[in-house]
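Only the coordinates and a few stated rules stand behind these numbers; no lab work does. Everything numeric in this text was worked out from a predicted model, so none of it was measured. So basically every Cβ, Gly included, is an ideal-geometry build from the backbone, and we count neighbours across all protein chains shown.
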Amino acid sequence: MSTLHAYVHVPFCRVRCGYCDFNTYTATELQGFSQSDFVNQFAKELELSKRVLGSARHLESIFFGGGTPTQLPASDLVDVLRLLDDSFGIAKGAEVTTEANPDNVDGFYLEALRRGGFNRVSFGMQSAVSSVLETLERTHTPANVPKAIKAAKEQELQTSVDLIYGAPKESMDDWKRSVDAAIELETDHISAYALIVEEGTKLARQINRGELPEPDEDLQAAKYEWADAQFAAAGLTWYELSNWSRSKETESKHNVAYWLGRDWWGYGPGAHSHLDGERWWNVKHPSAYAGKLAEGLSPEADRETLTELQKFEERVLLESRLATGLDLSIIENKDAVAGLIADDLIDAKAAFQGKLVLTLRGRLLADLVVRRLV
Ligand SMILES: C[S@@+](CC[C@H](N)C(=O)[O-])C[C@H]1O[C@@H](n2cnc3c(N)ncnc32)[C@H](O)[C@@H]1O
Ligand code: SF4
């Protein structure tokens, strides 16, 4: 029986952060769609997925992402989980994660999640510095984060925090404070992402108008190197370019499944799915999504079948970012591999053992490595 993973996209946020272009809507942008209808709509897409998949596959991991899944009552998230379990069965030991903002969960909420079957929470910390959180237009304060982590640990939930480095005006010292604060939380897992200035966001407009400086790539690289060294010293090992874990067991099994090209069904507005080389994605707006389902139609916007070349390129792109590495037997261009070793971008010893594993320098130049291979 092949493995199956589920992603549930909850496209609601109290306010939109200036840098974010995820498929998410504030209450005034919902155009008649009611957040309280989310579970009903989900149940309709679930029926569709059962018809496509049959019931012969258990779920190995489930991830609620957003938006802000915790904008919904905990009972809604638990209802969704129960419906998934009734339909497919959740495998023993499956990882069940929700993303959460540090300022919209408390002990009662987290207890309800734990009782309902969740075992992991990933908090959007972003920074421990007030001025950086303000630039990012986050609603939480630095003090919200340790409180939320403490409450999650009291429920014996696995914990992770997301950090962002390279926000406009963030100094190296600001970043060091954020890294130290994240380490002090003693979470099981940390993700650290370079800030991407997404076109069409408020942040992009502020930068275009000269109100905020552009992120400095050299400073971002220095921040990555600093964080990696501090995380390693604190017992957190990198296992994917932007992800560090306390142990193999606490790596995000759900994200590893994406990176290894496994099958997953993405439920909810704008969610992407992948089954055996076939990819599709749902219409983005919750009202359009509900409209399709009300007509008994699939909410899909479009789909594509990956060509052999696309499959190869995707494998190189995703697996080269993993510490376990990319199987070098799929790379025909041996000269390119030799060049990457000579330039200290990939580990020579691992390469002799048939794996492409990035060096620290290679991790800073991962896009270049991929370009030289595909
Ligand atoms: C889309 S959010 C969802 C979780 C939750 N709403 C939150 O903000 O914490 C998931 C993560 O994406 C990252 N993210 C969103 N936009 C980004 C951007 N433009 N550049 C880098 N990271 C970004 C943030 O680190 C965030 O924690
Ligand atoms: S970063 Fe998170 S909280 Fe902010 S708008 Fe995006 S999804 Fe919502």
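A few points about this structure:
- Magnitude of the charge dipole, the stretch 235-374, Cβ model with Lys/Arg +1 and Asp/Glu -1, debye to 20: 420 debye
- For the peptides 176-187, 290-301, 325-336, the ranking by mean Cβ contacts within 10 Å, running from highest to lowest, is 176-187, 290-301, 325-336.
- Computed FRET value (nearest 0.05) for Ser34 with Arg371, which takes r as the C-beta separation and R₀ as 35 Å: 0.15
- Of the residues Pro299, Val337, Ala323, the one whose Cα sits farthest towards the positive end of the charge dipole of the stretch 279-352 is Pro299 (charges of +1 on Lys and Arg Cβ, -1 on Asp and Glu Cβ, taken about the Cα centre).
- Computed [θ] at 222 nm, helices only, for the chain once each DSSP H run of length n ≥ 4 contributes -39500 (n - 2.57): -12000 deg cm²/dmol
- Counted over the stretch 4-259, the DSSP beta bridges are approximately 15% antiparallel.
- The residue among Ala271, Leu358, Gln310 whose Cα reaches farthest toward the positive pole of the charge dipole of the stretch 244-374, with charges on the beta-carbon of Lys, Arg, Asp and Glu, is Leu358.
- Net charge dipole size for the chain [Lys, Arg +1 and Asp, Glu -1 on Cβ; Debye, nearest 20]: 500 debye
- Ascending count of other beta-carbon atoms within 10 Å, so fewest first, for Met125, Met172: Met172, Met125
- Distance from the stretch 203-233 to the stretch 269-348 (C-alpha centre basis), Å: 26 Å
- The orientation-averaged projection of the convex hull spanning the C-alpha atoms of the chain amounts to 18.7 square nanometres.
- Each peptide in 25-35, 348-358 receives the mean, over its residues, of other Cβ atoms within 10 Å, and ordering these scores from highest gives 348-358, 25-35.
- Most mobile of Glu111, Glu170, Glu304 in a GNM of the chain (Cα contacts under 10 Å): Glu304
- Charge dipole of the stretch 1-147 about the Cα centre (unit charges at C-beta), most positive-ward option of Gly93, Thr135, Leu46: Gly93
- Computed Rg/Rh of the stretch 273-319, alpha carbon atoms with Kirkwood Rh: 1.15
- On the principal axes of its alpha carbon atoms, the stretch 309-373 extends 27, 22, 20 Å, with the longest extent given first.
- Most to least packed among 216-226, 56-66 [average Cβ atoms within 10 Å]: 56-66, 216-226
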